[in-house]
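Following: one structure in structure tokens, then a few remarks.
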Amino acid sequence: MPTLLVVVFASLLFQYNAAFWFSNNARTVLENSDRVAQAYVREKQSALEREMEPMAGDFRNALSQVTSLDDPRIPSFLVEQYTRRHLYELILIGVGTDGVPHLLALTNPTNQSASQLIPLSKYPKLNHGEVDSSVATDRIESRIAVDPKAKLYIYASQQLDPLVVAQATRARSAAGDYSSLLERSRSLQLRFNAALLVVSLLIVAASIWIAFTVADRLTRPISGLVGAARRITLGDLSVRVAPAVRRDEIGALATAFNRMTRRIEEQTSALVSANRQGEERRAFIEAVLSGVSAGVVSVDGERRIRLINQSAEQLLHTEGESPIDRPLHDVAPELDQLIGQAERESVVQLTSGGEIRTLAVTRVDSDGGHVLTFDDITQQLLDQRRAAWSDVARRIAHEIKNPLTPIQLAAERLQRRYGKEVTSDPAVFERLTQTIIRQVGDLRRMVDEFSSFARVPKPVFRAEPLVEIARQALFLHEVAHPAIHFSLDAPEPPPILVCDRRLLGQALTNIVKNAVEAIQEKGEEGETPTGSVAMKIGAEEGRVVIELADTGIGLPAERERLTEPYMTTRSRGTGLGLAIVKKIVEEHFGTIAFADRPGGGTVVRIQLDAAKLAPLVGASEHDASGEEARPTELTRMKAG
């Protein structure tokens with residue numbers, strides 16, 4: 001407080017002295033001197049401006065008495081005006097036809113040009129009859145137009161009194177210096193006050209620092225313990241306090257503190273090492289499990305999932321939600337039932353993503369929980385079943401096809417040879433022989449389907465117009481069933497697909513045939529079936545998509561088995577049509593799926609991988625010259 005009082009007193013004393021030196025009397029003297037000088041200049045300027053109008057009139061009279069500016073009387077007249085009006089300079093300036101001003105006559109040589117004496121910006125004002133005047137350093141300049149049409153102008157100047165000019169300059173300089181000094185006086189006052197305040201604060205800070213230094217020497221051991229405790233709270237367990245020099249309570253506390261931090265650091269290092277090893281082991285296990293194609297699920301004693309790999313999530317269709325800590329019964333109840341059984345290995349079927357999957361499951365008990373490992377063998381079983389059915393179909397076709405021809409020939413020969421000789425009941429004889437021939441034809445068609453399923457020819461891949469293949473498949477049934485509405489929706493330009501035209505056309509024809517039969521089954525007995533079959537061609541994520549929608553009876557309950565061999569819902573079907581279709585689609589790196597059509601009916605969706613098919617052009621060779629005609633007239637198209 002004493003320091004601050006001294007600062008206030010010194011500041012007030014400095015301000016009082018500054019006010020004494022910068023009084024209003026000195027300011028008044030300087031300002032009056034400047035006003036007197038300015039009044040003198042303005043008076044001289046007004047006097048010269050008053051002389052300009054009469055002088056311009058005299059010049060006009062003089063010019064009216066001469067025929068040209070080269071007349072020798074012009075300089076005499078100029079000198080007369082110069083002497084009578086007490087001028088310093090008098091110059092007659094004319095502007096030529098080229099727009100450049102020239103000095104025509106002058107009384108006092110000058111180093112300035114006509115453009116400098118009368119700048120171009122002054123001429124508009126002078127042409128309006130106004131007088132333009134200005135104050136130079138040592139003289140007053142004035143300009144006036146004598147004859148604006150003739151572009152004649154007068155420049156006149158009067159010299160100012162050097163003493164007055166010097167006095168005015170000194171007065172103006174003194175006033176400026178006084179104002180600058182006055183402004184600086186305020187700045188000096190602020191600087192002086194700031195310096196006093198800073199010095200006082202430094203003195204106060206120095207005294208506080210000295211006080212804290214003395215206090216720190218007294219409390220340094222305790223401060224060291226407090227700082228070390230704060231660093232420990234931030235996680236630094238390597239901190240130690242300096243041992244006390246004196247053997248007192250503070251020294252014993254420092255020694256106990258160092259012993260405690262050392263033990264905590266050792267225990268923490270051991271825990272971190274164990275945790276690191278556990279994390280490394282866990283990361284290794286997860287890396288191994290992520291690269292395993294089999295699904296792996298680990299559950300605890302309460303059958304809650306504690307570990308699951310990516311393959312298991314895909315097989316169980318967790319829909320992007322993490323199943324960790326969820327009961328196994330909620331995720332896969334079929335797998336949950338295996339935990340209580342005695343068998344360690346079993347085969348189960350579960351519904352995943354709307355499809356029935358067959359899994360080969362192995363259970364291992366460990367750490368109070370269980371580890372379930374399972375593989376999806378659905379496709380493997382389907383391939384085995386398909387291979388078995390292919391072998392059966394080949395054997396059946398071989399065994400049945402041989403006797404069909406003699407049976408048919410024998411029946412036809414009986415009909416031709418003995419048809420007219422039978423007199424007891426010829427109608428019955430004719431009906432029986434026709435039945436034999438018709439049934440043999442049905443058996444032959446069935447054998448052909450068996451052969452087609454057993455030996456699907458190797459595809460020949462070429463770049464083919466997909467729209468033409470689809471249109472051909474629809475046309476074959478459109479002609480036979482005029483009551484059914486067929487339509488084809490394709491994009492523009494039509495897509496080109498690398499495929500086997502004959503096999504892909506066979507697959508599409510079979511699907512359209514099934515759609516027509518489904519519409520026929522939906523119709524009433526004895527009525528002409530009506531409905532619609534709509535085919536759509538598009539693209540999704542680089543894949544070619546073919547969709548066929550019908551208004552038939554719809555899908556059966558066991559729709560997931562529709563592509564299995566000999567699976568049929570019709571009384572006269574063999575169940576091989578969709579199996580052959582699936583085989584052809586798989587040969588083209590595609591998939592086939594079935595869904596319900598909104599409003600009733602079925603939607604068959606085929607996806608073909610165009611990127612995988614593109615490099616297969618000309619992969620195999622066989623005669624493809626027997627391609628069927630490509631009708632374009634009957635199928636109704638709709639722009640995509």
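Of the residues GLU547, GLU464, the single one that is under 18 Å from THR591 (Cα atoms), at pLDDT 90 or above and among the acidic types (Asp, Glu) is GLU547.
Matching residues to (1) part of a strand (DSSP E or B); (2) modelled with pLDDT of 80 or more; (3) farther than 30 Å from ALA229 by Cα; (4) β-branched (Val, Ile, Thr):
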position: SER269; (1), (2), (3), (4): no, yes, no, no
position: ARG281; (1), (2), (3), (4): no, no, yes, no
position: LEU289; (1), (2), (3), (4): no, no, yes, no
position: SER293; (1), (2), (3), (4): no, no, yes, no
position: THR318; (1), (2), (3), (4): no, no, yes, yes
position: LEU359; (1), (2), (3), (4): yes, yes, yes, no
position: THR362; (1), (2), (3), (4): yes, yes, yes, yes
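Here the range 30-49 is the region considered, the condition is being of a type in the set (S, T, N, Q) and farther than 16 Å from ASP132 by Cβ, and the residue that is surrounded by the fewest Cβ atoms within 10 Å (Cβ to Cβ) is ASN32. Any residue in the range 516-535 that is out of contact with any Cys (no Cβ under 7 Å at 6 or more places or on another chain), of a type in the set (S, T, N, Q), modelled with pLDDT of 85 or more and part of a helix (DSSP H, G or I)? Yes. In this structure, is VAL131 surrounded by 13 or more Cβ atoms within 10 Å (Cβ to Cβ), more than 30 Å from VAL6 (Cβ to Cβ) and not small (Gly, Ala, Ser)? Considered against the rule, which asks whether it is surrounded by 13 or more Cβ atoms within 10 Å (Cβ to Cβ), more than 30 Å from VAL6 (Cβ to Cβ) and not small (Gly, Ala, Ser), VAL131 comes out as yes. Checked against the criterion of being out of contact with any helix residue (DSSP H, G or I) (no Cβ under 7 Å at 6 or more places or on another chain) and assigned to a loop (DSSP other than H, G, I, E, B), the candidates THR67, THR83 yield just one match: THR67. Is it fair to say ILE324 is out of contact with any helix residue (DSSP H, G or I) (no Cβ under 7 Å at 6 or more places or on another chain) and either over 30 Å from THR563 (Cα atoms) or in a helix (DSSP H, G or I) (or both)? Here the answer is yes, as ILE324 does meet what is asked. One residue is enough: does the range 100-115 have a residue meeting the conditions touching a residue at least 12 places away in the same chain (Cβ under 8 Å), part of a helix (DSSP H, G or I), within 14 Å of ILE154 (Cβ to Cβ) and in the same structural domain as ALA166 (by TED's automatic domain parsing)? Checking the range 100-115: at least one residue is touching a residue at least 12 places away in the same chain (Cβ under 8 Å), part of a helix (DSSP H, G or I), within 14 Å of ILE154 (Cβ to Cβ) and in the same structural domain as ALA166 (by TED's automatic domain parsing).
Note on the range 498-513: residues that are in a helix (DSSP H, G or I), in contact (Cβ under 8 Å) with a residue 60 or more places away in the chain and of a type in the set (A, V, I, L, M, F, W, C) total 4.
Among the residues of the range 76-90, the one identified as in contact with a strand residue (DSSP E or B) (Cβ under 6 Å, 6 or more places away or on another chain) and either modelled with pLDDT under 80 or of a type in the set (Asp, Glu) (or both) is GLU89.
Here LEU163, LEU196, LEU190 are screened, and the one residue that is in the same structural domain as SER64 (by TED's automatic domain parsing), under 60 Å from the mean Cα position of the chain (by Cα) and farther than 30 Å from ALA62 by Cβ is LEU190.
The values are calculated or read from the model by the stated rules, or taken from the named source; none is laboratory data. This structure is a prediction, so every number in the text was calculated from the model and none was measured. Neighbour counts run over all protein chains shown; Cβ positions are idealised from the backbone, glycine included.
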